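Beneath this line is the structure, given in structure tokens, with notes to follow.
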Amino acid sequence: MIEIRGLQKFFGTHHVLKGVDASVAKGEVVCIIGPSGSGKSTILRCINGLESYSGGTIDIDGVHVDHQAPSIKKIRTEVAMVFQRFNLFPHRSVLENIIEGPVFVKGEPRAAAIDHAKELLASVGLAEKIDARPSQLSGGQQQRVAIARALVSRPPLILADEPTGNLDSVTSIEIMKLLPELQASGMTIVFVTHEPDIAAYAARKLLLKDGAVVSDLRQQPMLLEAS
Amino acid sequence: MLVLLERIREYFPILLQGAWLTILVTLGSLALSTVLGMVWAVMRVSGIRWLANIATTIVNLLRGIPIIVLLFFLYFVMPDFGLSLSAVQASILGLGIAYSAYQSENFRAGIEAVDHGQVEAARAMGMGWPLMMRRVVLPQAVKIVLPPYGNIMIMMLKDSSQASTITVAELALQGKLIATSTFQNATVFSMVAVMYLVMCVPLILFVRHLEKRNKT
């Protein structure tokens with residue numbers, strides 16, 4: 001699904017990514033873990049073209065990722081992103097946040113998008129918050145809305161940048177419990193964290209250090225083991 | 001006292017005609033400055049260097065020219081180039097163009113104050129630049145720019161008196177004409193000041209309301 005070869009990234013003279021190689025197969029749940037400043041978020045941002053890269057290649061399902069190419073728009077509609085700070089649109093309701101992409105980017109009928117959004121909100125336990133504004137929600141609720149927003153376009157790949165970084169430990173676990181359901185529906189998930197407890201929910205762990213992958217571990221994911 | 005009331009009754013209709021022209025010039029130039037200011041601001045944040053450079057040059061040029069010179073240029077010089085404007089048209093155009101520079105800075109500051117995470121979320125969804133501006137950035141920027149926009153409205157209302165220099169018989173000029181012919185300077189200019197204040201007070205309250213709403 002994702003092929004990263006020799007990925008290099010400079011911020012000015014600072015060499016952040018020093019030749020990252022990684023492959024992610026369809027349906028995998030992969031965690032990129034590493035200390036702050038190791039470049040893990042940069043990899044994620046390069047994958048969906050939010051960040052340009054200085055060298056190497058990234059391909060998603062055989063399509064080359066180039067943040068300036070016209071193909072980037074299509075890639076972004078198929079690669080959903082969840083952010084640490086949620087980045088919900090504060091001037092729109094929960095429902096409007098979720099249908100924004102399908103209706104205004106993909107041109108789907110509004111009624112169908114609303115029906116799907118309602119289903120997703122119910123699945124993340126926020127059916128009653130449909131008309132609320134993001135500012136009226138807790139951090140955990142906002143992140144669940146952000147996940148529903150990411151899922152509404154039925155993307156084959158989800159990238160999550162420190163999805164529990166702004167949440168307490170209990171809420172973090174609630175968010176991570178959503179992973180097996182997503183994986184069961186065939187989605188590929190790549191998330192970034194610096195917390196080993198959160199990384200334990202992934203079936204595969206890429207350890208990043210000083211801009212390079214230093215280990216690639218497969219493990220029994222915590223939640224799947226428990227269930 | 002009765003004499004004073006009699007004078008007020010006599011001068012008020014004339015000053016009211018001037019006040020209507022003041023409002024007309026203010027509203028006309030406000031609309032023009034808003035549209036032009038938005039155009040300059042969008043050009044500056046477009047990320048296209050040559051467009052941003054053109055807008056920056058225009059804004060700096062306009063900021064460096066006094067409004068009164070711009071008015072003189074439009075009213076007295078443009079006819080030499082075959083463009084004759086009425087005094088009201090020239091004042092609306094002059095004030096609108098001059099204030100577009102300040103509007104532009106206000107709009108640009110508002111756009112740049114929108115959290116960058118919002119832009120990233122919109123881009124990550126696949127939104128192009130125009131859609132992102134329309135659906136995500138501008139609706140949030142409007143809330144930020146409204147209080148300073150209200151202040152610009154107040155400044156424009158008061159600066160509309162500069163239109164008197166190119167013979168627009170707005171409130172200040174009407175007052176001057178009455179005072180010159182009657183020598184009742186104190187009465188006339190007190191009335192002019194009160195009428196400007198009456199027009200400004202709703203705008204001041206509007207700005208205060210917006211500032212309070214943004215704090216909550």
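Output the qualifying pairs, or none if there are none: Cβ atoms under 6 angstrom, residues six or more apart or on different chains, first residue in the stretch B:49-60 and closer than 11 Å to residue B:39 by Cα and in a helix (DSSP H, G or I), second residue charged (D, E, K, R) and open to solvent by 40 Å² or more (accessible area, probe 1.4 Å).
B:52/B:44; B:55/B:44
If you take the residues in the stretch B:116-133 that are farther than 16 Å from residue B:47 by Cα and either in a helix (DSSP H, G or I) or at pLDDT 95 or above (or both), which one is farthest from the chain's Cα centre (by Cα)?
Among those that are farther than 16 Å from residue B:47 by Cα and either in a helix (DSSP H, G or I) or at pLDDT 95 or above (or both), it is B:124.
For the stretch A:62-83, which residues satisfy the criterion of being farther than 14 Å from residue A:149 by Cα, within 17 Å of the chain's Cα centre (by Cα) and open to solvent by 40 Å² or more (accessible area, probe 1.4 Å)?
Within the stretch A:62-83, A:73, A:74 qualify.
Would you point out which residue out of B:44, B:7 is more than 16 Å from the chain's Cα centre (by Cα) and crowded, with 20+ Cβ neighbours inside 10 Å?
B:44
In this structure, does residue B:180 turn out to be in contact (Cβ under 8 Å) with a residue 60 or more places away in the chain and either touching a helix residue (DSSP H, G or I) at 6+ places or on another chain (Cβ under 9 Å) or more than 19 Å from residue B:93 (Cα to Cα) (or both)?
Taking the combined requirement at face value, the residue does not satisfy it.
Could you tell me which numbered condition residue A:103 fails, if it satisfies all but one of (1) under 19 Å from residue B:127 (Cα atoms); (2) free of Cβ contacts under 8 Å to residues at least 12 places away in the same chain; (3) away from chain B (no Cβ under 13 Å); (4) outside any loop (DSSP other than H, G, I, E, B)?
Among (1) under 19 Å from residue B:127 (Cα atoms); (2) free of Cβ contacts under 8 Å to residues at least 12 places away in the same chain; (3) away from chain B (no Cβ under 13 Å); (4) outside any loop (DSSP other than H, G, I, E, B), the lone unmet condition for residue A:103 is (3).
Does the stretch B:65-87 include one or more residues that are closer than 15 Å to residue B:25 by Cβ, part of a helix (DSSP H, G or I) and open to solvent by less than 10 Å² (accessible area, probe 1.4 Å)?
Yes: the stretch B:65-87 contains one or more residues that are closer than 15 Å to residue B:25 by Cβ, part of a helix (DSSP H, G or I) and open to solvent by less than 10 Å² (accessible area, probe 1.4 Å).
Collect the residues in the stretch A:23-58 that are surrounded by 15 or more Cβ atoms within 10 Å (Cβ to Cβ) and either free of Cβ contacts under 8 Å to residues at least 24 places away in the same chain or within 14 Å of residue A:5 (Cβ to Cβ) (or both), keeping them in residue-number order.
A:24, A:43, A:46, A:47, A:53, A:56, A:58
The values are calculated or read from the model by the stated rules, or taken from the named source; none is laboratory data. Since the model is a prediction, treat every value here as computed from it, not as a measurement. So basically every Cβ, Gly included, is an ideal-geometry build from the backbone, and we count neighbours across all protein chains shown. The protein model used for the area step is the full one, side chains on, heavy atoms only, and it has no ligands, DNA or RNA in it. Shrake-Rupley method; radii C 1.70, N 1.55, O 1.52, S 1.80 Å.
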